Structures are given as structure tokens and as C-alpha cells.
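Take a look at the following structure, please.
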Amino acid sequence: MQMGLIRKRAVVNNFQKPSVRKLDQHYSFLLIIDFESTCWENRNYRTQEIIEFPAVLLNTSNGKIESEFHYYVQPQEQPTLSAFCKQLTGITQEQVDEGIPLSLCLAKFTYWIENLEREKNIMFVKSEYVPKGVNAATIVTWSDWDLNVCLLNEARRKQIRTPYQLNSWIDLRLAYKVFYQRKPNGLNGALEDVGIIFKGRQHSGLDDSRNTAALAWRMIRDGYKVEVTKSLRGVR
Ligand code: AMP
Ligand code: MG
Ligand code: MG
């Protein structure tokens, strides 16, 4: 316990120094996503459905969030939220009852992304290859759960197509482990270790997304070179 505390303090001091190691980035924009889903105590899941769908667009040259997308989504397989889920996420039954189905949410999300692509001359890419004069972008999530488990499984069950932009992404938890050479204690622990206080409510999807963006920006300023860590099979 004592050892842990000493170690942690040393880490915080280290990362409170002003960061000067910002590198040129291949990606001009990062789109950070953090889903909340139906859940039950002791991870006693039947199926999980997305109930909150947020996304925030981070400019990697100045750390500004330039656009946000946010909808509550109506679960259809298990429409009644468990008391545990409401407590964990802060999401109310009314919010999901008034939410939109996932298929509509994905259509709105695609429309929002396509507008951003036009307005900001963005192209979502997974590799180093970007045509000249285009701002490369990719997705960021904390762990692979959001896109590789939650959305993938729900979309398969409901036979919904997902936008191609969500086919590759950065698992920031993995990137954090590799970059700082330490295992974070959740998103909040990762933020604490670099001296950032979580703003808002943990397990609120929008707040989680904004705080994940703050962490990504911090890592960039500390010299992290943004790179895709995961692509779905068959994605070119
Ligand atoms: P998070 O992004 O950490 O808020 O988690 C995303 C989703 O994972 C939540 O909406 C829950 O469905 C599930 N989840 C997270 N933490 C727990 C937990 N301690 N017990 C059960 N489910 C959880
Ligand atoms: Mg999350
Ligand atoms: Mg969350």
C-alpha cells in the first residue's frame, strides 16, 4: 500500500512537468467514442444494448474539441434498465424511453460524420496512406470493448450495418500501457496518474468521451505518436 502510494506520487510529479515533446501527428483529428450499455450487477449479462452514444472530435494540433454528437438510445431486447445500470451510468429510464433506436442513431451518426468530413476536409483512414491535402482522422476508444464487442455483437443480432469509419480504431488503454509502460487503474486511474482530474460523472458516456479526449491530448503533448491499434477483419 505504502509502496503504491509512493510510486503513484512519483508518477504524478513526473507528468506535471510542462510537456514539450509534442510530435508531428499523422492524424489531424481523433473521434473519441464511449458507449454505455444495459448492464446488470456482477456482470450478469443477458444481452447488452447501447443506451448512450456519444462522440467528440478532438483536433490533435491544439487539443480543442471541435464537435460533439450525443444521443440516448432505446434498448429493445431488455427495455427496462436495471437499478444497477441506472446507478452506474446515471442514465434514467425516461432518457432511454425517449431515446432513438440504434439503427436511427447510426444513421444520424453517419450524417454527422459526413458533414464533418466535408466541413473540415477529413478522411477516416487506418493506415499511413492519406491523399495530399486531406486531414486524416481515426476513432479512439478506451479498450476494444465499445467497437469490438458491444456494437459489433448488437449490430449482428439486429442485422444493422455499421459505418465503415468504425471499422478501425485506437484502443487508448493499450496505447497508454505501451507509451507510459504502466497499467492504468481504469480511465480515471490513467487520468490521475498524469495529474488530470476527471471532469463530470464517471460512466456517463459523454463525460467519459471528453475525459478520454483530455487523456489523448495529454499523451500527444507527452510525445505519443497516434497509431491505429485495431482493425476489424476484412477491413482494407
Ligand atoms: P464505461 O465506459 O466504463 O462506463 O463502461 C461501459 C459499459 O460497461 C457500462 O455502460 C456498463 O454496461 C458496463 N460496465 C462498466 N463497468 C461495469 C461494472 N462494474 N459492472 C457491470 N457492468 C459494467
Ligand atoms: Mg467506456
Ligand atoms: Mg463510459
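The values are calculated or read from the model by the stated rules, or taken from the named source; none is laboratory data. Model, not experiment: these values are computed from the prediction. Neighbour counts are summed over all protein chains in view; Cβ atoms, including those assigned to glycine, are modelled from backbone coordinates with ideal geometry.
I'd like the residue in the stretch 73-88 that is away from ligand 2 (no atom under 16 Å from the Cβ) and within 21 Å of Lys108 (Cα to Cα) and, out of all such residues, is surrounded by the fewest Cβ atoms within 10 Å (Cβ to Cβ).
Among those residues, the one meeting the criterion is Gln76.
Given (1) crowded, with 17+ Cβ neighbours inside 10 Å; (2) in a helix (DSSP H, G or I); (3) hydrophobic (A, V, I, L, M, F, W, C), where does Trp169 come up short, assuming only one miss?
Status for Trp169: all satisfied but (2).
Just to be sure before I move on: is Glu154 away from ligand 1 (no atom under 11 Å from the Cβ), part of a helix (DSSP H, G or I) and surrounded by fewer than 21 Cβ atoms within 10 Å (Cβ to Cβ) in the structure I sent?
no
Let me ask you something else. Which pairs do you get when a residue that is modelled with pLDDT of 95 or more, found in the stretch 145-162, comes within reach of a residue that is of a type in the set (Val, Ile, Thr) and away from ligand 2 (no atom under 16 Å from the Cβ), reach meaning Cβ atoms under 7 angstrom, with the pair 6+ apart or on two chains?
Short answer, once both residue conditions are applied: Leu151/Thr162; Ala155/Thr162; Arg157/Thr47.
Here's another thing I want to ask about it. Mind listing just one residue for me: the one in the stretch 39-58 that is out of contact with any strand residue (DSSP E or B) (no Cβ under 6 Å at 6 or more places or on another chain) and more than 17 Å from Ile160 (Cα to Cα) and, of those, nearest to ligand 2 (Cβ to nearest atom)?
It comes out as Cys39.
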